[in-house]
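Each remark here refers to the structure printed beneath this line.
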Amino acid sequence: MRGIRRCTGLIAAGLMAASVAADACAQVATYEIVGDGIPIPLQGAEGRADRGRAIIVDRQKGLCLLCHSGPFPEQRFMGDLAPSLEGTGSRWNAAQLRLRVVAPERLDPDTIMPAYHRAGSGARVAPAHRGRPILSAQDIEDVVAFLTTLR
Amino acid sequence: MTSRRFSTALIAALIAAMTSAPASSEAGDGRRSGYLFMSPQTRAMQDDDMANPGMLTVLEGAELWSRPTGPAGRSCADCHGADGSGMRGVAARYPAFDVAEGKPVDLAGRIRKCSAEHLLIEPPAFESRPLLALMTFVAHKARGTRVTTGEDPRLSRGIETGRGLWRTRFGQLELSCAQCHDDNAGRRLGSAPIPEAHPTGYPIHRLEWQTVGSLQRRIRGCLTGVRAEPFPYGADELIALELFLMDRARGMPMETPGVRP
Amino acid sequence: MSRALIHVPPRARAGEIIEIRTLVQHPMETGFRPLPEGGFVPRLILRRFECIYDGAVVFAAELHPAVAANPYIAFRLRATRSGGILFRWIDDQGAVREERAGIEVI
């Protein structure tokens, strides 16, 4: 099964619990880092730039503008904890951007940029978010598709 | 205390000059109170005891302080003085080491313990209005005095536990307190400037809450923000964090009741 | 039990403009705050504030749900006669709360 991690260790418990947990695990795609990027889109999904922009400006979903500013004229009070997203697409290609969104800790272990596609390994993850990535594979592809348009 | 009866009651009609709050500023070593990260208008609200909504909670605490309660009809004032004069500087050394419990105790825990053991009443619930009123009243008595928390060597283990929590990456977002409040203080998360997280104004009147709240409430809010399950009120971990933060703020002046955005 | 802080200068010259500041403890519950179990916290707000001095309403204000908790109302009046100043807050259930202060006019 390309891209789907097999969830081992889910043998015990009831059928219900196993299927819920399997659903959470199935949300996290596997990927391969090649050089300084992840060349293959997650789960083979096709990203849409318009959806990606909507995710980025949504402060409850993408959370991006809490830290990043960027070319979003209708947005106010963008944070200044991280570089502007302006020109992102001319600095990095899709594979490089995918790595930065999915696994930024690979480039800087101390980064404050969240890893947007993993079953979180933080302490005391809230029950609603346990085992779930911040953004789905489709969301990631949408975000990458939009970022590549920023030149 | 959820009654909303709007009755005439004793009030403090403050005439003449307003009492002045101390300048909440740097400790001279570069540490900055959250006061300095606020707008001039919000600072003015804190500085003016007539406009600081936290002072209403101080008044509430003063009334509870003197009110006899429980089967023995005792009040806090019976032991600690009618106007709380014995409380000057007390809040500035909390959390303190509780010998009987063998671990750190915060001001809320101390008040609850006193209520049970000396007033012989059911201790007020965490984050309840009466408990916050008493905490704010007591901590207000320490306003202007310097934080001394952590000088007691018995607290060093608790401080280290707190430091470990401060550096723990919490939640789905995997962020630690240190990453924001040590590494990025002064920068903005969205519209909100990130302060250095010195708890010198607690309990604070937070404009976002429209009421007074404790440091535990604030920390629980942050943990929820990084999508972590917060520690329950009264948890040892929250006390350890407060202990670490107060030790980190040692030497800075108390500001209670602080006003924060 | 609700508290209030009132600042009135104890003394003023006849004809002097003085500033009065009031801060009253009130949740100003808008009626739009959701309850965890569904529904909303019922609205309970102050509707009107009046200051009565020297036999007349010298200042009045209408309050609406947009006013934050613990309303702070400051205003100026002309000191004319020594005596009492009455402050009155009325909520949307008609409950009235009054406080008094005194001023000496010389």
### Query
For the protein assembly as shown, what is the percent of antiparallel DSSP beta bridges, rounded to the nearest 5?
85
### Task
Provide the percentage of antiparallel DSSP beta bridges, counting only those with both residues in chain B; round to the nearest 5.
80
#### Entry: Cβ-Cβ FRET estimate between A:ALA123 and C:ALA14, R0 fixed at 60 Å, reported to 0.05
0.30
### Task
With a/c under 1.5 counting as rounded, go ahead and sort region B:144-209 into rounded, prolate or oblate using the C-alpha gyration tensor (a ≥ b ≥ c being the square roots of the eigenvalues; past the cut-off, prolate if a/b is larger than b/c, else oblate).
oblate
### Query
Rg and Dmax of the protein assembly as shown, Cα atoms, in Å?
27.4, 93
#### Entry: Shape call, region C:20-105: gyration tensor on alpha carbons, a/c limit 1.5
prolate
### Message
Give me the one-decimal nm value for the distance between modelled label points at B:LEU36 and B:THR145, 7 Å along each residue's Cα-to-Cβ direction.
### Response
2.4
### Query
What does the convex hull of the Cα atoms come to per residue for region B:129-261, in Å³?
111
### Query
At q = 0.19, 0.26 Å⁻¹, what base-10 log of I(q)/I(0) does the Debye formula yield for region A:93-149 when every alpha carbon is treated as an equal point scatterer in vacuo?
-0.69, -1.07
### Query
Once the Cβ-Cβ distance between A:ARG51 and C:GLU37 is put in as r, and R0 is 45 Å, what FRET efficiency do you end up with, to the nearest 0.05?
0.80
### Query
According to a simple spin-label model (label point 7 Å from Cα along Cα-to-Cβ), what is the distance in nm between A:THR149 and C:ARG47?
5.3
### Spherically averaged projected area of chain B from its Cα convex hull (nm²)
14.8
### Task
Sketch the reach of a paramagnetic label on A:ASP80 as a point 7 Å from Cα along Cα-to-Cβ, and name the residues of region B:177-201 whose backbone nitrogen lies under 15 Å away.
B:184-195
### Message
Which trypsin sites (Lys or Arg not before Pro) in region B:133-173 sit in a loop by DSSP (not H, G, I, E or B) and have at most 14 other Cβ atoms within 10 Å of their own Cβ?
### Response
B:ARG167
### Message
Can you compute the modelled spin-label distance between B:SER66 and B:LEU120, with each label point 7 Å from Cα toward Cβ, in nm?
### Response
2.4
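None of the figures in this text is laboratory data; all of them are computed from the coordinates on show. This is a predicted model, so every value here is computed, not measured. No Cβ is skipped: glycine too gets one built from the backbone with ideal geometry, and neighbour counts run over all protein chains shown.
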